[in-house]
Amino acid sequence: MEEKVSGLIISPVSGLEKSAVFKKLSSEIPVVESNNYHGGYLLGEHLKEVHNAKKAFFNTQEGTKMSSVKERYEGFKKGFKGQVDILEVDDIENLYDSLFFCHDLLTLSGMFVLLRNGYKIPEDIRVVSFDDEIVTKYAFPRITTVRQNFGEIGKDEHIPVELVVRESCRCSFGL
């Protein structure tokens, strides 16, 4: 309200950006988002530097045409400094030792699929995410993620992000 904002569009779904109404509105309203590139970078760097991960894949429902997803992927690749594939499969067939899900709710679904298929997290595969929704603290193992400051969104063009390290990447397990 301090910024005299007269409207706000928040959309967690893909496809909205294709609508004529959204295109018109988004050309007239400033767009504000977290520093997605830097958040992806922090996660990639953590897996590479702390855990010496060799191969990772990036999972998203939206695809990399959505700007926030593309920025997270590009940042993750840069920080990881290694092979990062984009896959949309249920069975990873032991090809990867690390997995970056684009947001926390997708992470929970992905972890369920991995666990159901006999994978141990983080022993068999390290898992990282983005957003730091409250569920990340209560998942087992607790999820390493990037925290966005949702209260600051709307005040600046790129909101700083913070790496939150938990057990899903093998930290705190002593592995």
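Just so you know, all these numbers are worked out from the coordinates, no wet-lab data involved. Everything numeric here is computed off the predicted structure, so don't read it as measured data. Every residue, glycine among them, receives a Cβ derived from its backbone with ideal geometry; neighbour counts consider all protein chains shown.
Remarks
- Spatial separation of Cα centroids for region 102-164 and region 39-88, in angstrom: 13 Å
- Modelled this way, with points 7 Å down the Cα-to-C-beta line, the labels at VAL135 and THR64 are 2.6 nm from one another.
- DSSP assigns beta bridges within region 35-175; of those with both partners inside it, close to 20 percent run antiparallel.
- Extending 7 Å from the Cα toward the beta-carbon at both ILE153 and LYS55 defines two label points whose distance is 3.4 nm.
- Long pairs among LYS65/LYS155; LYS70/LYS155; LYS81/LYS155; LYS48/LYS120; LYS78/LYS137; LYS48/LYS137, criterion Cα-Cα beyond 29 Å: LYS81/LYS155
- Histogrammed with a bin width of 10 Å, the alpha carbon distances of region 37-169 distribute as 13, 49, 33, 5, 0 percent, first bin at zero.
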